[in-house]
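All remarks here apply to the structure that follows.
What follows is calculated from the coordinates using simple rules that are stated; it is not laboratory data. Computed from a prediction, not measured in an experiment: that's the story for all the values here. Cβ placement follows ideal geometry from the backbone for every residue including glycine, while neighbour counts extend to all protein chains displayed.
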Amino acid sequence: MAQRKWVKRLRRDGAYIFIRLMVAFFRILPRKPALLAGSLFGRIAPLLVRKDFRLAKEHLALAFGGEKSNQEIENLARDMFRNLAMNFVDTARLNTMTPDGVKNICIPHNFNIFYEKYKEGKGVIGLTGHVGCWELMGTYFAMIGINIDVVAQKLYDSRLERLLIRSREEGGMKVISRGENTRDILHAIRDGHLIGMLIDQDMNVKGEFVDFFGRPAYTASAPALLSLRYKVPILPIFTYRDRNHNHHICVGEPLVIEPTGITDHDIKEITALCSKATESFIRKHPDQWVWFHRRWKTSPDDTDQ
């Protein structure tokens with residue numbers, strides 16, 4: 001047992017040092033050569049993280065097995081690692097960029113929908129996921145003058161957690177730790193802020209089993225609960241990278257249902273809409289989502305849920 005802990009600690013230390021070195025390396029380079037280096041690293045990543053590459057292919061096959069060939073699925077998995085690496089580059093370089101620099105590489109879509117709801121002053125839940133460069137998207141909103149709070153799961157390593165929180169705060173975001181600072185979420189709603197919430201991962205939080213790519217996936221229900229209880233609109237807001245390395249930030253129509261007055265039923269219905277909106281965007285840009293995450297890990301048969 002002691003040896004396992006030692007090995008685990010050694011791996012974590014190695015991962016932390018590697019990430020810090022990569023962040024420092026990409027920050028000293030101009031964006032174009034930094035992205036080139038990131039792209040090259042993304043191309044060799046499947047050789048370095050074989051387990052994650054295998055998981056990505058397995059999950060892509062679950063989602064698209066009846067629609068895409070084995071070669072298409074493998075290509076998507078490889079493209080995902082390349083995009084993920086380049087998004088890491090842009091995230092690492094955020095604190096070296098000016099507000100105009102961030103705005104120049106971001107292309108907003110349907111922001112009239114967002115402003116219409118944001119100006120009501122009731123708060124807006126920005127439903128998003130681990131698609132594209134989600135960290136840069138949050139910084140973009142802050143740099144165009146939007147008060148934004150992001151609800152985030154704590155990382156396994158407190159050193160990486162501090163590094164990520166500092167990056168987000170320097171980008172103008174306020175970080176709310178998931179499950180710990182509930183009052184901060186209520187304050188953000190009261191103050192009319194944009195609240196970024198990600199529900200596309202299997203997490204140990206209160207949730208519902210709803211459809212995701214044809215399979216039941218345990219999905220956080222907090223956005224649905226907050227929307228029902230405090231009349232906060234939910235807007236799907238996702239981003240993707242194009243071939244010119246611009247980031248398209250896409251706002252969707254509000255997710256609404258006709259309330260039945262049966263709270264549990266309504267929460268599940270809204271959560272299902274949130275999952276459907278997330279899946280819909282991923283289907284359009286399947287090379288942009290983090291496919292090695294075990295999205296269907298929790299089963300409806302699990303007795304602890």
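Remarks
- Where GluC sites (Glu not before Pro) fall in DSSP loop in the stretch 136-204, at most 12 other Cβ within 10 Å: E180
- Potential extension, I28-N204 segment - 0.36 nm per residue separation minus Cα distance: 59.6 nm
- Measuring r between the beta carbons of L47 and K122 and using R0 = 45 Å, the FRET efficiency lands at 0.35.
- Each label point was placed 7 Å from the Cα along the Cα-to-Cβ direction; for R162 and I257 their separation is 4.3 nm.
- Within the chain, longest stretch free of exposed trypsin sites (Lys or Arg not before Pro) [DSSP loop, at most 12 other beta carbons within 10 Å]: 1-118
- Among the chymotrypsin sites (Phe, Trp or Tyr not before Pro) in the stretch 135-194, those located in a DSSP loop and surrounded by at most 10 other Cβ atoms within 10 Å of their own Cβ are Y156.
- Relative contact order (%) - the chain, alpha-carbon pairs under 8 angstrom, separation at least six: 23
- Positive-end extreme of charge dipole, the chain - chosen from C133, H193, S227 (charges on Cβ): C133
- Pairs from K119/K284; K154/K206; K57/K154; K51/K268; K119/K276; K32/K174 whose Cα-Cα separation, in the structure shown, is over 22 Å: K119/K284; K57/K154; K51/K268; K119/K276; K32/K174
- Two-site FRET efficiency, N110 against K154, from Cβ-Cβ distance with R₀ of 35 Å, rounded to 0.05: 0.60
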